[in-house]
Amino acid sequence: MEIKVKINGKVYQDNIDADMLLLDYVRSKGCYSAKRGCETANCGLCTVWLEGKPVLSCSVLAMKANNKEVTTLEGLEEEAKEFGAFLADEGAEQCGFCSPGFIMNVLAMKNELENPTEEEIKEYLSGNLCRCTGYMGQLRAIKKYLEQKSKGE
Amino acid sequence: MRVVNKPIRKKDAMMLVTGKPVYTQDIAPKDCLVVKLLRSPHANAFIEDINTTIAMKVPGIECVLTYKDIPQKRFTMAGQSYPEPSPYDHLILDKHLRCCGDPVAIVAGENEKAVDRALKLIKVKYDVREPLLDFTKAKDNEILVHPEEDFKALCDVGADNKRNLCSTGNFSYGDVNAEFEKCAHIVERTYHTKANSQAMMETFRTYTHMDLYGRLNIVSSTQVPFHVRRILANALDIPKSQIRVIKPRIGGGFGAKQSVVSEVFPAVVTIKTGKPAMMIFSRSESMTNGSPRHEMQIRVKVGSDENGVIKAIDMYTLSNAGAYGEHGPTTVGLTGHKSMSLYAGANAYNFDYDVVYTNTMGGGAYRGYGATQGIFALESAVNELALKLNMDPVKLREKNMTAEGQVMESYYGELCASCALDRCMEKAKEMIGWDEKYPCKDMGNGKVRSVGVAMAMQGSGISNVDVGAVEIKLNDDGFYTLMIGASDMGTGCDTILAQMAAECLECDIDNIIVNGVDTDQSPYDTGSYASSTTYITGMAVVKTCEKIRQQILAEGARLLKTEVENVDFDGQKVYTLDNSSSVTLSEIGYSSYVAGGGCITASESNFSPVSPPPFMVGMVELEIDKLTGQVEIIDYVAVVDCGTVVNTNLARVQTEGGIAQGIGMALYEDIQYTKEGRMINNSFMQYKIPTRLDVGKIRVEFESSYEPTGPFGAKSIGEIVINTPSPAISNAICNATGLIMTELPMTAEKIAMGILENEKN
């Protein structure tokens, strides 16, 4: 079937199989930041934004993005660098495989929640699994990042 | 120190956090054949007949391979130095299927749909046999997991396939029975630990292609590139010179990728077809046919005098190798040696073990490598001994813990040259508020808060086996290239090795560029496992820097037209001792690139006759709901002695991550099988790993000793950190409820049932 999707500001038109997943579609367009970590919508590695809202691209059909706008980490280069620097300064990216999906959700949280508490942060991001870090370094990075953001720097 | 012992950013950090394509699947050629396996639905069966004719007719299918098409040369997938202690019990494709998911056929095609279709069209007639699933009944069982005649063990590990034995052995020091007779208090208990999945976020994956020289290139997510080269040459029966292995970035390993799990399948396809091929394990495959932690049953007997001084320890470990013996004979050893050695003052030790084959998934290496299971058992027994003595478990440990200067008879007779276990205990007590909180506090709402304690140790590399080497080159303009043979799998070894080089060469870390593993270019390194990289390869960096420094001095002296005795090097320039003239490193670099200048490059390898243990103390505060048995982790405190901390950030994150994994193992991670031997919980939906809501607060501090044989006094950090949660949480559960937990995971159900049982009595 025919779809027309805007990915990171660029419009693509394709004839795709009806069962193609959004994750495979964005990867086929070179957006390799989105990863597959499970097949059961549990890990959060494939998180992208659909119309500005985070979705698990492994559980969304590509055709659902027809006439819509998809954002991956490749489209948020500056924001990724800005928050990523905080993560890097904690050593909390470790293997880095979960980082893009995690960062997509952190950036979505920043847009959605104002001054989130520690509990709200943990809950918002509970669907982003990480096996390396034990989550503490990620939390330190988020707090420092949000603090800087709230100062308007 | 300027660069070592600092929180330096990982060299690859910014590429990773901006989502750049750096992992195996991201960089694979787009025309790779998709490779998948037809996997056995039975735990024990023989292929009577297999027909691939129809499957081959599916459009887009390149090849369908069965055992008839594959070299029948047994090997082990364990990434260990040759000769491997793991028996040669594996074939790429075998007529005998020994566990559910064992590969029956390899299918390669142009796209996933075609491959999936072909998989369904392979006709197989199985001769299904009764599986052997209970590892406590495996030894001398009439069902043989490896009845084949060509089974062989290269090392004397006590393997006997006609008895289902992967390995058997004993260690003894002193007379335990005589000591136990003199003991005032004895605890004897059997513990059961389960198989766990490493659950690294990037599953097993490899792509292969033929390069312009006609050699097989393997790009793989592996911890052991050099072992992959050797193992594949064995398995494929081709010369090692025809294989090149490249390691890109890795999405976590934790030991899983110390076995050759995915590499052989695309490699066979590329050899047969000449085309690039890629195999990506699904999460479910990674769960059902990966390389999990060995399930074990461990009997511990520990005795003390009336004052709580431990006199003797006796342990027997029965380990479930599963269908294949990867890492079976070696993991079991650590259950004894790396637990009993926490108590070096005992007069006698005995340790016996059997590793048995069953028709469950073959085990492998998982962070902690047997020490985790052994420490859970022994530390739990020591906590029970404290209970018997009516003594604070911290005090009992303070009386008995291994100290610097002691000879550890149960640890290969090694001298404990560096140990700050006493300071770790003191610090942990203070951080968690042990004296105020021990043993528990009833919260008045049906919940009890309690604390628990455990100690742990590990090794630093495998003594007299592991080898690490690096090469350093000086380039024009005076920057260095550090060639590394150890696998950075997210742990940050590329960075910490560069830190050490920058420290030695008195330069900025940005002046050292690193080059990860390519077996054609990197100096030989056994690989990243056994907590070896910082300690073993780190020392190779120190040695190499000493050598290259001499070359820089010599070249500087030549350019300054003086003797080498008259000059020194400060990292930026070589200068005459009378300060009359100097030449910059940049100039030396340029001069080495033109006629007359010498090539400035050095490579040193390193091994160690000892494996100095890091030590740590873990303390947990948790809350138990007495009605439901639900455990909530409130606070976890870890104080680690890994010698000098090379990178304070990375060591901290390693510790936090290890503890989170350990919490999962303690409370809910458990590989379960149906009565037919099929794994039940083969997804993250069912096999739950901790989320950020489950780990409470984890706090880490370091109390460093100085290891004289390590680089800058460093020991290891990677594995030890997973060892304390199971025994510490068990201790806290006991302090809250009086329950002695003997089986992992300690689920809410087991705790609630235990509380009910207690109330009945």
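Throughout, read-outs are computed from the coordinates displayed, never taken from laboratory work. In this text the structure is predicted, and so the values were computed from the model without any measurement. Because the Cβ atoms are built from the backbone with ideal geometry, glycine has one as well, and the counts that use them run over all protein chains shown.
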Checklist line | For region B:623-628, Karplus couplings with θ = phi - 60° (6.51, -1.76, 1.60), whole Hz, Gly/Pro x | finding: 10, 10, 7, 5, 7, 9
Next item on the list: List every residue whose amide H lies under 5 Å from the amide H of B:L97, counting only residues 5 or more places away in sequence or on a different chain, with H placed 1.01 Å from N in the peptide plane.
Entry: B:A45, B:F46, B:I47
Note to self: Cross-link candidates for B:K547: which lysines have Cα within less than 18 Å, leaving aside residues fewer than 8 places away along the same chain?
What the structure shows: B:K473, B:K573
Item checked: Selection from B:A365, B:N390, B:T402 lying farthest towards where the dipole of region B:350-407 points positive, charges on Cβ -> B:N390
Note to self: Given points 7 Å out from each Cα along the Cα-Cβ axis, report the B:C155 to B:E749 separation in nanometres with one decimal.
What the structure shows: 3.9 nm
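Sum -39500 (n - 2.57) across every DSSP H segment of at least 4 residues in chain A, then divide by the residue count to get the 222 nm mean residue ellipticity, nearest 500.
Details: 5 runs with 57 residues, N = 153.
After summing the helix terms and dividing by the residues of chain A, the value is -11500 deg cm²/dmol.
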Check: At q = 0.18 Å⁻¹, what is the log10 ratio I(q)/I(0) for region B:612-761, with the Debye formula run over Cα points and no solvent?
Finding: -1.03
Notebook entry, point to check: Hey, what number do you get for chain B at 222 nm if only DSSP H runs of n ≥ 4 count, each worth -39500 (n - 2.57), divided across all residues, to the nearest 500?
Noted result: -8000 deg cm²/dmol
Next item on the list: Pop a pseudo-label 7 angstrom from the Cα along the beta-carbon direction at both A:A18 and B:E148 and give the gap in nm to one decimal.
Entry: 4.6 nm
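DSSP loop GluC sites (Glu not before Pro) in region B:286-342 with at most 14 other Cβ atoms within 10 Å of their Cβ, which ones?
Answer by residue number: B:E306.
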Checklist line | Distance from region B:188-222 to region B:614-684 (C-alpha centre basis), Å | finding: 22 Å
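When Cβ neighbours within 10 Å are restricted to other protein chains, what is their mean count per residue of peptide B:683-689? Show your work: numbers first, answer last.
Numbers: counts 5, 8, 5, 2, 1, 2, 5.
Other-chain Cβ atoms within 10 Å of each residue's Cβ, averaged: 4.
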Notebook entry, point to check: Say the dipole of chain B comes from +1 at the beta carbon of Lys and Arg and -1 at that of Asp and Glu; which of B:Y412, B:V228, B:M340 then lies farthest toward its positive end?
Noted result: B:V228
Next item on the list: Calculate the dipole size of region B:606-761 relative to its Cα centre from +1 charges on Lys and Arg beta carbons and -1 charges on Asp and Glu beta carbons; express the result in debye to the nearest 20.
Entry: 260 debye
Item checked: In order through region B:44-53: 3J(HN,Hα) via Karplus (6.51 cos²θ - 1.76 cosθ + 1.60), integer Hz, x for Gly, Pro -> 8, 7, 10, 7, 7, 8, 9, 10, 10, 4
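Can you list which of the GluC sites (Glu not before Pro) found in region B:145-254 are DSSP loop residues with at most 11 other C-beta atoms within 10 Å? Walk me through the numbers before you get to the answer.
Values: sites: B:E148, B:E149, B:E179, B:E181, B:E188, B:E202; in loops: B:E148, B:E149, B:E202.
Listed in order of number, the matching sites are B:E149.
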Margin query: Quick check on packing: order B:130-140, B:718-728 by the mean number of other C-beta atoms within 10 Å, highest mean leading.
Written below: B:718-728, B:130-140
Check: What shape does region A:76-150 take by its C-alpha gyration tensor, where a ≥ b ≥ c are the square roots of the eigenvalues and a/c under 1.5 counts as rounded, a/b above b/c as prolate, and the rest as oblate?
Finding: rounded
Check: Hey, what do the phi angles of region B:222-234 turn into as Karplus ³J(HN,Hα) couplings, whole Hz, using 6.51/-1.76/1.60 and θ = phi - 60°, x for Gly and Pro?
Finding: 9, 8, 9, x, 5, 5, 4, 4, 5, 5, 5, 4, 5
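Please sort by residue number the trypsin sites (Lys or Arg not before Pro) in region A:43-143 whose DSSP state is loop and whose Cβ has at most 16 other Cβ atoms within 10 Å.
Values: sites: A:K64, A:K68, A:K81, A:K110, A:K122, A:R131, A:R140, A:K143; in loops: A:K68, A:R131.
Hits after loop and neighbour filter: A:K68.
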Checklist line | Charged-residue dipole, Cβ positions (Lys, Arg, Asp, Glu), the protein assembly as shown about Cα centre, Debye nearest 20 | finding: 1940 debye
Checklist line | Estimated FRET transfer efficiency when R0 is 45 angstrom, pair B:D352-A:S126 (beta carbons, to 0.05) | finding: 0.50
Check: Out of residues 5 or more away from B:C63 or on other chains, whose amide H comes under 5 Å of its own, with H placed 1.01 Å from N in the peptide plane?
Finding: B:A108
Notebook entry, point to check: Over all residues in B:691-704, what is the mean tally of Cβ atoms on other chains that come within 10 Å of each residue's Cβ?
Noted result: 4
Next item on the list: Please work out the C-alpha center-to-center distance from region B:308-358 to region A:94-153 and express it in whole Å.
Entry: 41 Å
Next item on the list: Whole Å is fine, so just give me how far the alpha carbon centre of region B:691-708 lies from that of region A:20-87.
Entry: 33 Å
Margin query: Among A:S150, A:N67, A:L113, which residue has its Cα furthest toward the positive end of the charge dipole of chain A, with +1 on Lys/Arg Cβ and -1 on Asp/Glu Cβ?
Written below: A:N67
Checklist line | Contour minus Cα-Cα distance for B:K388 and B:E759 (0.36 nm per residue) | finding: 131.5 nm
Note to self: How big is region B:549-592 along each principal axis, measuring the range of its Cα positions in Å and listing the largest first?
What the structure shows: 24, 16, 16
Check: What average count of beta carbons from other chains do you get within 10 Å of the Cβ of residues in B:271-284?
Finding: 1
Checklist line | B:I238-B:R129 pseudo-label distance in nm [points 7 Å out on the Cα-to-Cβ vector] | finding: 3.3 nm
Next item on the list: Using a/c under 1.5 as the rounded threshold, could you call chain B rounded, prolate or oblate? The axes a ≥ b ≥ c are square roots of the C-alpha gyration tensor eigenvalues, and prolate needs a/b larger than b/c, oblate otherwise.
Entry: oblate
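Which of the three applies to the protein assembly as shown, rounded, prolate or oblate, going by the alpha-carbon gyration tensor with a ≥ b ≥ c and a/c under 1.5 meaning rounded? Show your work: numbers first, answer last.
On the way: a/c = 1.26, a/b = 1.06, b/c = 1.19.
It is rounded, given that a/c, with a ≥ b ≥ c, falls under 1.5.
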Check: B:A184's amide H: which non-local residues (gap 5+, or another chain) put their own amide H closer than 5 Å, with H modeled 1.01 Å from N in plane and none for Pro or chain starts?
Finding: B:S304, B:D305, B:E306
